[in-house]
Amino acid sequence: MPSLQEMAKKEGAFAGGHRMCAGCPVPIFTKMLTRVTDGYEIVAGNATCCLEVASSIFPYSAWKIPWIHTAFENVGASMSGVETMYRALKKRGKITKPYKFIAIGGDGGTYDIGLQSLSGAMERGHDLVYICYDNGAYMNTGVQRSSATPMGATTTTTPMGEQSYGRQGNRKDLSRIMVAHNIGYVAQASIHDPVDLSEKLKKAIELDGPAFINLLSPCIPGWKIAPDMAVELARLGVETKYWPLYEVIDGEYKINYTPKKEVPVTEWMFLQGRFKHLNKPEYSDVVDAFQKDVERNWNWIVRQAASVELLSAEVN
Amino acid sequence: MKDKYRLKDWQELAIGGVVPDGGNSVDYETGTWRTSRPIWNAENCINCLNCWVFCPEDAFILKDGTTKKGTPRKEIERINYYHCKGCGLCAKECPVNKKGKKTAIDYVKEEH
Amino acid sequence: MSKVLAITGAGAMSEGMRQINPDVVPAFPITPSTQVIEDFSQFVADGKVDTEMITVESEHSAMSACIGAAAAGGRVMTATSSAGMALMWEMLYIASSMRQPVVMTLINRALSAPINIHADHSDSMGARDAGWIQLYAENNQEAYDNLIMAPKIAEKMDVRLPVMVCMDGFIISHCVQTMQLEDDDKVKKFIGGFESTYPVLDTENPSTWGALDLQDYYIEHKRAQHIAMKNAKDAIKKVSEEFADIFGRKYELFESYRIDDAERVIIAINSVCGEIKEVIDERREAGDKVGLLKIRSFRPFPYEEIAAALERVKIVTVLDRSESMGAYGPLFTEIRTALFDAPEKPMVYNRIFGLGGRELFMSDIHDIFEENKTYLETGKVEKMFDYLKVRGG
């Protein structure tokens, strides 16, 4: 597990002077990309998103590694192209060094518009790590709902009103969709735990083949929180089991962190402006439904992990 | 006007909108965004590097140092206020601050 | 060894791709371009090329992968048609704006709806502003020759633009014609090695591709792209001359067929030009001074050259095989623009034909020449714009 000291000794991938919002936690993972492994050339691609825009306002770029962005819905495909050209040139003897490729998208560019190109890239087996930083809405365009937006959250396209409590229905579980691609590595990580995250990045990068990491990354304006609160809210997202930390290696689930005590999801929700309208008795059914969904999801993962243990016990 | 701020003619640009010198954003000042400022107190710092890893601006400058036992390590040297946007994450996530007795990072209003 | 063989247009394109042996080919099947990719996949399976193929899940991803692969630093080719290219639309602009010399075979096919798999030019004409060089071909020989020239044109350092090599769906793509397939080594030597610009795989000099331009830089990047397309005209001419020196077949930006002393000229694109030439030969036998101007390069468009070629012509019928609803056909608007500054402007009018593969027979082309004869004699263009061969008039 790469410690902070070890990571600090390596050159980062991402420079200051970018124009992400003050307190946006996304650069926490971008600066790690070159710090978790040794011996690889790292190349990154980005879907259109906050990170993409704010890191590359011409003539400036925060990227200290080669980086390419082409469009919103296609980083899976454009990085398939980059990775394939690497293999082609390696085969022809024009490149000898080992390379690793990383594709980055927000939840809009990954859960929604980019799902097809992500699915294609993973199914074809490119040696590519896809990192989705999930902040639960289209933040770059001004907080519109995505299929990752949690129930009840207000966004600019699911506003709170006389006839609406915000986003209706449950969010999509992209991590499970990625597990269904039968790839070697899928993980959920959180921006508040850089050591766990670095370990997951390392495993994903070192794996020979496609890997997917879904990363909880709170958004200052989208969640309507103070600029120093992103890490704390990511932590609470994990403590309340809204965002379980787990990994699926070759189809086998493993929970990486079990909260020490039961923390109701409201402890996480009501620190955020996007949920505060629900903090009234008349919306208790929405909050209850939210809590139930969190529990159902957590229990589902627990069952998957338990069945792995059960099976390995039988084998032994 | 400094040459780096001069807008270039189309003939001077690299092909296809490329930025040939990635990482050049370090020349761009984001410190002007700050309304509050973190102040690092070396004497209280335990050098856990939490502030360094959480800082979204890469604004904690490190230097080479050693532990008490003489093992080489990276240590906080200073805050780069040219980039620090003053979000306060460093002070919020500082374990010394969290204990509540001393502060390794103070977070104060910017005086303009 | 160079050889004459009977082959379909699509087969000719896959043979050309085999000879070029690109580094990466991302592709998605769509009628009528599928055969290009199928044949090429077989070449990969048989080890006749060492290309890496990416069998993507959509054309949008095909063009996205083309851009990524080309930016990484190698030669990239693909093929598509109609709806496939329509799905690429966004990425067509990005390929040209990021100045990636991707070469794409476009087998022209009508756009839906109603869904139709046959030839017209609504796909490529709609993409005429996308910043791609567009080369058109009357038959499979020309399409093959264009494909062989395309990488050289695209990769010139003062151009660096993608090229669309177009031919008519089914009429050319699926019809067997005889053509000269050049010697593999000669083709490879003609094309030469690939030189990359700021390759994404260069980790020593990390560059950023696809940055955000605000109001302060976008128009400068567009200006540079505009100049590159302007340079493409010379590049096409030069590469065509080199091609003629080596392989013997001569190409210009457009082909002038018996127009030196012609009074009445048809201007058209792609396969219909073959029939027009036959009709012209027949009428010339009878002393009728008619000719054809066949467009090869639609982007860049050779305005001045066309105006000069039509200097002595009295009437021009422009045939468009696509519609620009609410406007004249796309070829017509270019031709009229080209002629606007001519000292002696010919009469010029527009006919739409062949949408969705409706055939134009030689008798129909005779009718066109009869009509423009009447127009010339009366000194009046009765109808500026009309459809040919549509029931109900």
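Read the figures in this text as sums done on the coordinates, not as results from a lab. Just so we're clear, the structure is a prediction, and the values are computed from it rather than from any experiment. So basically every Cβ, Gly included, is an ideal-geometry build from the backbone, and we count neighbours across all protein chains shown.
Worth pointing out:
- Any hit, region C:157-176, residues being among the basic types (Lys, Arg) and either within 13 Å of another protein chain (Cβ to nearest Cβ) or under 18 Å from C:Ala72 (Cα atoms) (or both): yes
- Filter pass, A:Ile68 being more than 22 Å from the chain's Cα centre (by Cα) and either surrounded by fewer than 21 Cβ atoms within 10 Å (Cβ to Cβ) or more than 21 Å from A:Ser198 (Cβ to Cβ) (or both): no
- Within region A:101-121, not a single residue is of a type outside the set (A, V, I, L, M), free of Cβ contacts under 8 Å to residues at least 40 places away in the same chain and surrounded by 24 or more Cβ atoms within 10 Å (Cβ to Cβ).
- Criterion violated by A:Val36 - all others in (1) touching a Pro at 6+ places or on another chain (Cβ under 6 Å); (2) more than 7 Å from every other protein chain (Cβ to nearest Cβ); (3) not in a loop (DSSP other than H, G, I, E, B) satisfied: (3)
- Selection count where residues are within 8 Å of chain C (Cβ to nearest Cβ) and not aliphatic (A, V, I, L, M), scope region A:47-59: 4
- Options A:Gly81, A:Gly125, A:Gly109, A:Gly93: the member that is in contact with a Ser or Thr (Cβ under 9 Å, 6 or more places away or on another chain) and either more than 8 Å from chain C (Cβ to nearest Cβ) or closer than 30 Å to A:Gly237 by Cβ (or both): A:Gly109
- Against the list (1) within 11 Å of chain C (Cβ to nearest Cβ); (2) over 17 Å from A:Ala54 (Cα atoms); (3) touching a residue at least 40 places away in the same chain (Cβ under 8 Å); (4) crowded, with 24+ Cβ neighbours inside 10 Å, the condition A:Gly136 fails is (1).
- Helices (runs of 4 or more DSSP H) within region C:21-127 that include 2 or more residues touching a residue at least 12 places away in the same chain (Cβ under 8 Å) and more than 14 Å from chain A (Cβ to nearest Cβ): C:34-45, C:82-97, C:122-126
- Comparison of C:Ala244, C:Ala232, C:Ala228, C:Ala268 shows that the only residue that is over 17 Å from the mean Cα position of the chain (by Cα) and over 21 Å from C:Ala12 (Cα atoms) is C:Ala228.
- Failed condition for C:Glu204, given (1) under 18 Å from B:Asp21 (Cβ atoms); (2) touching a Leu at 6+ places or on another chain (Cβ under 8 Å); (3) surrounded by fewer than 17 Cβ atoms within 10 Å (Cβ to Cβ): (2)
- Annotation note: Cβ proximity below 8 Å between a residue of region B:9-22 that is of a type in the set (Phe, Trp, Tyr) and a residue that is surrounded by fewer than 24 Cβ atoms within 10 Å (Cβ to Cβ) and outside any loop (DSSP other than H, G, I, E, B) (sequence gap 6+ or interchain) occurs for B:Trp10/C:Glu220; B:Trp10/C:His221; B:Trp10/C:Arg223; B:Trp10/C:Ala224; B:Trp10/C:Ile227.
- Looking only at region A:262-285, and only at residues there that are surrounded by fewer than 21 Cβ atoms within 10 Å (Cβ to Cβ) and closer than 30 Å to A:Tyr185 by Cβ, the one that is farthest from the other protein chains (Cβ to nearest Cβ): A:Glu262
- Residues that are surrounded by fewer than 21 Cβ atoms within 10 Å (Cβ to Cβ), closer than 28 Å to A:Thr141 by Cα and of a type in the set (D, E, K, R) within region A:179-228 comprise A:Asp193, A:Lys224, listed in sequence order.
- Residue list for region B:52-61, filter: in contact with a helix residue (DSSP H, G or I) (Cβ under 6 Å, 6 or more places away or on another chain) and at the interface with chain A (Cβ under 9 Å from one of its Cβ atoms): B:Val53, B:Phe54, B:Cys55, B:Pro56
- Criterion (in a helix (DSSP H, G or I), out of contact with any Leu (no Cβ under 8 Å at 6 or more places or on another chain) and closer than 20 Å to A:Asn182 by Cα) met by exactly one of A:Lys254, A:Lys203: A:Lys203
- Some residue of region B:66-82 being polar (S, T, N, Q), in contact (Cβ under 8 Å) with a residue 24 or more places away in the chain, more than 10 Å from chain A (Cβ to nearest Cβ) and surrounded by fewer than 22 Cβ atoms within 10 Å (Cβ to Cβ): no
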